[in-house]
Each structure stands twice: as C-alpha cells, then as structure tokens.
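See structure below.
The values are calculated or read from the model by the stated rules, or taken from the named source; none is laboratory data. All figures in this text were calculated on a predicted structure; none of them were measured in a lab. Here the Cβ positions follow ideal geometry from the backbone for every residue, glycine too, while neighbour counts run over all protein chains shown.
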Amino acid sequence: MNAAESAWVPLALSLKVAGWATLVDLVLGIGLGLLLARGRFPGRELLDAVLTLPMVLPPTVLGYYLLVLVGKRGWLGAWLHEQFGIQLIFTWQGAVIAASVVALPLVLKSARAAFEAVEPQLEDAGRVLGLSEAAVFLRVTLPLAWRGILAGTLLAFARSLGEFGATLMVAGSIPGRTQTLSVAVYEAVQAGQDGVANVLVAITSFTCIAVLLLAGRLLPGRTLR
Amino acid sequence: MSFEVDIRKTVASDRRRFELRVRFRSQARRTVIYGPSGAGKTLTLQALAGLLVPDAGRIAFDGSVLFDAGAHVAVPARDRRFGYLFQDYALFPHLDVRQNIAFGLQRGWRNPGRAAGGAAVERWLDALALRPVAAQRPHQLSGGQRQRTALARALASEPRALLLDEPFSALDPALRERTRDELDRLLAQIGIPLVMITHDPEDLARFGEHTLQLVDGVLDA
C-alpha cells in the first residue's frame, strides 16, 4: 500500500467524524445559543462558562471526563450498555462525541452573539403581523443570525477535523475504524513512516485552510444589511 | 372604535424603576396620546398591541377583552390584528420592499418570495408609490420610502386599528409636514381607526380628535 492509499482511509473517517460532529454541534449550538441569548434564568453565565470549558481544558482532561461519562463503567455508558447493548468507547461514534464536545463552543459562541445582534423589535414586528413564535424564529431571527452561525459552524468543522487528544482517549487508534487523520499522523511519525506522515499532514493542512477561507467569507460584517 | 384601558405595569432595570399607570376610554376614530419622551408612551402602545404584558388591569377593544389579569386573559399580539408602525419602522433588512409588504399576508414558516404578489401587495405598492423601489432592500431606501413601506406592511393585513409610534419623528422637518398631510388624507380615505403616540404638538393638532396626556407614566382620564 503506498502513502496516498494509506492516507485515504483516515481522511474518509475524519470527514465522517467531523461531519457528524458538526451536525450535532449545529443543532446543539443553535438551541443553546438561543437559550443563552434570550433566556433569563439564574446561572446563565455559569452554563455558558461550563459549555466553553472544552476550549480551554487540556484535551486529556476532557478525554478523562468523557471516559468517566460514557466509558463502560461510566454512569451514562453503563446504562447504555445495560439497556441497549451500546458501547461508545473505541468506536467512531465515540470519536464523534469527543469532537462534538471540543468544537461545540465555536458554534455556541457565534450563535449566541448572532442571536443577541438581532433587534428584538424586528421579532415584535413579526408578532404583530400575525406570526407564531416558531414562525418568528424561522422567518426573522434565524435568517438574520444565519451568517454568524454558519461561520462558527465552519470553524467547528475545521476544529473537529483536527481533534486529537480527547479522540485518542475515547476512541483509541484502530486503523480503519477509529484512526482519524490526526491520530494517523501521530502513528506514522511514531513508526518512522515519514512518507505517509508527509501526505497526511499536507491533506490536513489543505483541508483546514480551505475551511478557514470559507468561514472568513461568511463572517458577520460582510452581511448585506 | 372603542378602547377601554386600565392597566398597571412596573418596569425595573438596573438603574431605575418605572411605574406605568394608564386608564382611559376612547370612542374616537383618532386618539392621540401626548407626552414628553420617557413618559411611557411606547410602553402604553406596546401594551395595546400585546407586545408588553401588564402586571394588572384590563384592556378591551370594541367590546372584546384583549387582556384581563384577573381572568387570566392575554390575547397574544399575533391574534389582535392591529397594525403597528414602529418609530424607526423595524423593516426586515433581509427582505425587499415587496417581501416586507407581503410578510403578514403569508402564513406558515417561510418568508414570501421576491415575486410575492396578490391584490393587497399590488394595491399598496401603487397607493404608496413604492413600485419603483419594490425590489430594493430597506437600507437602500430614503427615509420617506421607509416610512411608506412600513405603513404598507401594516395596512396590507387589513388591521382592525393602526397603532403609530411617533410616526414622523424619524423624518427631517421639510418632509415631516408633507408626510403628515399625506398620511392624514390616506388614513381618512381608508377610514381605519388609529391610536397615535407623539410628543409633537403638530401631530396633536392634526390627528388629535381625542387627546390624552401621559406624564411620568400616569394617564388617568
């Protein structure tokens, strides 16, 4: 197997994991971002801080937390195993969980800021014109916040693609199953396979630059307002 | 038209506490609530529209109860069928003039498309001379065009009454006089009842069939 072929499997896996993690973060980020932007409840800033924690915690600490949570004897993991026979550790779904948690703050922060920037009066205008709350959100709030959310989502995708530490702890490094690009780079370097490492590094860098350029084009401030 | 209003509302922010106590009855087609800025005029109008929930009291329009704290009735803004002209218009920046006008006519979870039509949209595009700018976004419009778009958007849904928040304050003085004439004529022609809030004596002179004064959050008539 040459270097290009051995790069294909981890790239495909990385894209799959990052894609799913981004989707999860998009849904959670919009929901939680709206809650933090509009909700009035005690502990709001604490919730924001806790959800932002993955951005500053060492990946190993985060990985450890996830093992405690979804590991075989973790309180969620044990329950899932008993009830449904589901095991998340050392699976690609485990890698999705690790990547989602690490990248969530990027969507959440931009979604909160984007929702806070929407004039409440525009939502009121929707209400007096006969719209339900759901319709106000879909026809006024979301279209006005969309660019900011999308920019954060692309950053989250790039971050998921590069996720290493927590993924290694939760999903391990099983070639073809949980060995993502960044983990494969580590393994290749450890094994002295410089050719493979070079290809993997080049692919990773190229993909991340493309995503960042796209995110830059969508950043708020370039809107048509 | 008849409004029966007797409400209380306390608004507290970090710095100050504001108490609103508004009580009036009006049978006039044109009611103007007059008072200096900061007197609580906008809060009063928001309460009529259903955008602000009073702490206590009752609001009735043409005999039907819109709000009654005692009976736990609070008809939501979307079901009150009032047109609301916001002070700085609150036009939807992501939609063009035509889509803004069609906004309230389209039910459901999707915005009207750029080709949105219908008798009401066409009628108001012509009546308010907006056809030449129908495909433009609000930020491309002049002050007068913005105001007319907001008015067309409010009137297109055939509201039961029109609530106007300082309708001329965002216009420059030369335009203000002319716009006041035009709005006066247009609203008389449609025959729609209105409640206007203003701090401008000129508005009071022109539209104040029944005038009420609001001072420091208190209106008792």
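Which of the residues that make up region B:149-191 are basic (Lys, Arg) and under 13 Å from the mean Cα position of the chain (by Cα)? Explain how you work it out, then say what you get.
Applying the first criterion (basic (Lys, Arg)) to region B:149-191 yields B:153, B:160, B:176, B:178, B:180, B:185.
Across region B:149-191, the qualifying residues are B:153, B:160.
Evaluate the following for residue B:31: is it in a strand (DSSP E or B), in contact (Cβ under 8 Å) with a residue 24 or more places away in the chain, farther than 22 Å from residue A:121 by Cα and hydroxyl-bearing (Ser, Thr, Tyr)?
On the way: in a strand (DSSP E or B): yes; in contact (Cβ under 8 Å) with a residue 24 or more places away in the chain: yes; farther than 22 Å from residue A:121 by Cα: yes; hydroxyl-bearing (Ser, Thr, Tyr): yes.
So residue B:31 fits the description; yes.
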- If only one of B:179, B:149, B:211 is among the hydroxyl-bearing types (Ser, Thr, Tyr), under 21 Å from residue B:2 (Cα atoms) and buried (at least 16 other Cβ atoms within 10 Å of the Cβ), which one is it? B:211
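Per-residue answers, yes or no, for (1) of a type outside the set (D, E, K, R); (2) more than 20 Å from the chain's Cα centre (by Cα); (3) modelled with pLDDT of 90 or more:
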| residue | (1), (2), (3) |
| --- | --- |
| A:116 | no, yes, yes |
| A:127 | no, yes, yes |
| A:139 | no, yes, yes |
| A:149 | yes, no, yes |
| A:196 | yes, yes, no |
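Name the helices (runs of 4 or more DSSP H) wholly within region A:67-135 that hold at least 2 residues that are within 14 Å of chain B (Cβ to nearest Cβ)? Reasoning before the result, please.
Values: elements: A:75-84, A:92-116, A:120-128.
In region A:67-135, the matching helices (runs of 4 or more DSSP H) lie at A:120-128.
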- residue B:60 vs. criteria modelled with pLDDT of 95 or more and touching an Asp or Glu at 6+ places or on another chain (Cβ under 6 Å): yes
- Note on the structure: Only one of (1) crowded, with 24+ Cβ neighbours inside 10 Å; (2) over 17 Å from the mean Cα position of the chain (by Cα) does not apply to residue A:187, and that is (1)
- Message: Let me spell it out: the conditions are (1) closer than 20 Å to residue B:93 by Cα; (2) surrounded by 15 or more Cβ atoms within 10 Å (Cβ to Cβ), and residue B:162 meets all of them except one. Which number is the exception?
- Response: (1)
- When residues of region A:137-154 are limited to those that are surrounded by 20 or more Cβ atoms within 10 Å (Cβ to Cβ) and farther than 15 Å from residue A:112 by Cα, the one nearest to the other protein chains (Cβ to nearest Cβ): A:139
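Please tell me if residue A:141 is under 23 Å from residue B:93 (Cβ atoms), touching a residue at least 12 places away in the same chain (Cβ under 8 Å), assigned to a helix (DSSP H, G or I) and not hydrophobic (A, V, I, L, M, F, W, C). Let's see the steps before the verdict.
On the way: under 23 Å from residue B:93 (Cβ atoms): yes; touching a residue at least 12 places away in the same chain (Cβ under 8 Å): yes; assigned to a helix (DSSP H, G or I): yes; not hydrophobic (A, V, I, L, M, F, W, C): yes.
Yes: the conditions hold for residue A:141.
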- What pairs come up if the first residue lies in region A:181-195 and is on the phi > 0 side of the Ramachandran plot and free of Cβ contacts under 8 Å to residues at least 12 places away in the same chain, the second is among the charged types (D, E, K, R) and surrounded by 19 or more Cβ atoms within 10 Å (Cβ to Cβ), and their beta carbons are under 6 Å apart, counting only those six or more places apart or on different chains? none
- Message: of a type outside the set (Phe, Trp, Tyr), surrounded by fewer than 17 Cβ atoms within 10 Å (Cβ to Cβ), closer than 17 Å to residue A:159 by Cα and free of Cβ contacts under 8 Å to residues at least 12 places away in the same chain: is that true of residue A:56 in this structure?
- Response: yes
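If you go through region A:114-130, how many residues are of a type in the set (A, V, I, L, M, F, W, C), in contact (Cβ under 8 Å) with a residue 60 or more places away in the chain and in contact with a helix residue (DSSP H, G or I) (Cβ under 6 Å, 6 or more places away or on another chain)?
Keep residues of region A:114-130 that are of a type in the set (A, V, I, L, M, F, W, C), which gives A:114-115, A:117-118, A:122, A:125, A:128-129.
With the extra rule that they be in contact (Cβ under 8 Å) with a residue 60 or more places away in the chain, the set shrinks to A:114-115, A:117.
Filter once more, so that each one left must be in contact with a helix residue (DSSP H, G or I) (Cβ under 6 Å, 6 or more places away or on another chain): A:114-115.
The total comes to 2.
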- Hey, residue A:85 closer than 29 Å to residue A:148 by Cβ, small (Gly, Ala, Ser) and surrounded by fewer than 18 Cβ atoms within 10 Å (Cβ to Cβ) or not: no
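Determine whether region A:21-30 contains at least one residue that is over 24 Å from residue A:143 (Cβ atoms) and not acidic (Asp, Glu). Break it down stepwise before answering.
So the first thing to find is which residues in region A:21-30 are over 24 Å from residue A:143 (Cβ atoms), and the list is A:21.
Keeping just the survivors that are not acidic (Asp, Glu) gives A:21.
Among the residues of region A:21-30, at least one is over 24 Å from residue A:143 (Cβ atoms) and not acidic (Asp, Glu), which makes the answer yes.
How many of the residues in region B:124-165 are in a helix (DSSP H, G or I) and touching a residue at least 12 places away in the same chain (Cβ under 8 Å)?
The initial filter retains those residues of region B:124-165 that are in a helix (DSSP H, G or I), namely B:124-127, B:131-133, B:138-140, B:143-156.
Within this subset, residues satisfying the condition of being touching a residue at least 12 places away in the same chain (Cβ under 8 Å) are B:124-125, B:127, B:133, B:138-139, B:143-156.
Residues meeting the conditions: 20.
Just name the residue that is surrounded by the most Cβ atoms within 10 Å (Cβ to Cβ) out of those in region B:38-88 that are charged (D, E, K, R) and more than 10 Å from chain A (Cβ to nearest Cβ). Spell out how you get there, then give the answer.
Restricting attention to region B:38-88, the residues satisfying the condition of being charged (D, E, K, R) are B:41, B:55, B:58, B:62, B:68, B:78-81, B:88.
Narrowing the set further to residues that are more than 10 Å from chain A (Cβ to nearest Cβ) leaves B:41, B:55, B:58, B:62, B:68.
Numbers: B:41: 25, B:55: 12, B:58: 18, B:62: 12, B:68: 16.
Step by step, filter region B:38-88, then rank; the result is B:41.
Name the residue, out of B:111, B:100, that is assigned to a helix (DSSP H, G or I), out of contact with any His (no Cβ under 7 Å at 6 or more places or on another chain) and within 12 Å of chain A (Cβ to nearest Cβ).
Numbers: B:111 fails: assigned to a helix (DSSP H, G or I).
Criteria check complete, one pass: B:100.
Quick one: how many residues across region B:191-205 are over 30 Å from residue B:17 (Cβ atoms) and either at pLDDT below 90 or out of contact with any helix residue (DSSP H, G or I) (no Cβ under 8 Å at 6 or more places or on another chain) (or both)? Steps first, please.
First, the residues of region B:191-205 that are over 30 Å from residue B:17 (Cβ atoms): B:191-194, B:202, B:205.
Cutting the leftovers down to either at pLDDT below 90 or out of contact with any helix residue (DSSP H, G or I) (no Cβ under 8 Å at 6 or more places or on another chain) (or both) gives us B:191, B:193, B:205.
Here the count works out to 3.
Given the structure, is residue A:110 more than 19 Å from the chain's Cα centre (by Cα) and in contact (Cβ under 8 Å) with a residue 12 or more places away in the chain?
On the way: more than 19 Å from the chain's Cα centre (by Cα): no; in contact (Cβ under 8 Å) with a residue 12 or more places away in the chain: yes.
For residue A:110, the condition - more than 19 Å from the chain's Cα centre (by Cα) and in contact (Cβ under 8 Å) with a residue 12 or more places away in the chain - is not met.
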